[in-house]
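The values are calculated or read from the model by the stated rules, or taken from the named source; none is laboratory data. As the structure is a prediction and not an experimental result, all values here were calculated from the model. Because the Cβ atoms are built from the backbone with ideal geometry, glycine has one as well, and the counts that use them run over all protein chains shown.
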Amino acid sequence: MQQNNCKAPEIEICLNDLPQNDFNSIFKSLPAFYEKIKMEKEEKLLGACFVSGVPGSFYRRLFPRKSLHFVHSSYSVHWLSQVPERLENKGNIYMARTSPPTVFEAYLKQFQMDFSTFLSMRSEEIVVGGPMILTFVGRRIADPTDKDCCILWELLTKSLLDLVSEGLVEKEAIDSFNFPFYYPYKDEVKAIIEKEGSFNLERLEVSECNWDANDNDDDEHFVFDKDRSGKNVANLIRAFTEPLVVSHFGEFIVDDVFKKFANHVADHLCSEKSNKVINIVVSLSKK
């Protein structure tokens, strides 16, 4: 643009999260963000950048029709609009190897409905040909009962059951609690996109990373510390599950349950250090 003496375009960035999100923290960081842009680029070459927050569930319309030129969702689409209804999953808090087949069917059905709704809502908001990039957690194999799909949540269940034995949590409270997310297999994702029909699937990639992002097993100088990794994983999981745990069990158990969880994860990583988080990245374009 500089060589052609063209003026930089104006850019509008619309951020979305649930209403409980503290948008004020984001807005307070904007002056420093704008100042950084001015420092790194010649101000006269900058186009105007406008940032706004749009609170609300992405399972409904959020923006005017054909107003978006690019959509990016990062680690969100695997979150369901709700826990599947009439779920009988006693002794578990997510799909587990001991869960009955009806649990796996209910979770898949809920994801199919929710992901289809997400695609339908965004298809009304994005311009024809507009790209959409989605990154979310999934699984690398079709069988949802494989330990790689659910062992992390089984360890968190084990941590809660430890508190039952200590008299701090009622067993019935665990039986009535389930997380509202689903880690899909790539073929499930493809099938929903094709059936909903609003987008072309340009590319789908599956990648993996260690449970503990600081565990760089490709670095020959890295020294594995099971206790440190256990705490790192527990802190990561706590960051996005704590509100749900608190709302169901109460705030008084949070520190104890995640301390126990860190220990269980550490012991597990010591015996099976190959556990991975599976990421699915999907590139779509509006038909």
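When the range 24-53 is filtered for residues that are at pLDDT below 75 and within 18 Å of residue 12 (Cα to Cα), the ones remaining, listed by number, are 43, 45, 46, 47. Residues satisfying the criterion are present in the range 113-127 (criterion: assigned to a loop (DSSP other than H, G, I, E, B), farther than 18 Å from residue 195 by Cβ and modelled with pLDDT of 95 or more). Residue pairs whose Cβ atoms lie under 8 Å apart, sitting 6 or more positions apart in sequence or on different chains, and linking a residue in the range 35-53 that is closer than 21 Å to residue 68 by Cα to a partner that is modelled with pLDDT under 75 and of a type in the set (Lys, Arg), are 47/7.
The single condition among (1) more than 27 Å from residue 57 (Cβ to Cβ); (2) more than 22 Å from the chain's Cα centre (by Cα); (3) of a type in the set (Asp, Glu) that residue 212 does not satisfy is (2). Looking at the range 61-98, which of the residues that are of a type in the set (A, V, I, L, M) and part of a loop (DSSP other than H, G, I, E, B) is farthest from residue 21 (Cα to Cα)? Only one residue fits best here, namely 96. Do we find a residue being at pLDDT 95 or above, in contact with a Gly (Cβ under 9 Å, 6 or more places away or on another chain) and loosely packed, with under 15 Cβ neighbours inside 10 Å anywhere in the range 78-100? Within the range 78-100 (the criterion being at pLDDT 95 or above, in contact with a Gly (Cβ under 9 Å, 6 or more places away or on another chain) and loosely packed, with under 15 Cβ neighbours inside 10 Å), the answer is no, since none of the residues qualifies. Screening the candidates 103, 128 for the property of being of a type in the set (A, V, I, L, M), more than 19 Å from the chain's Cα centre (by Cα) and exposed (fewer than 14 other Cβ atoms within 10 Å of the Cβ) yields one hit, 128. Residues of the range 153-187 that are farther than 30 Å from residue 249 by Cα, in contact with a strand residue (DSSP E or B) (Cβ under 9 Å, 6 or more places away or on another chain) and surrounded by fewer than 20 Cβ atoms within 10 Å (Cβ to Cβ): 186 alone.
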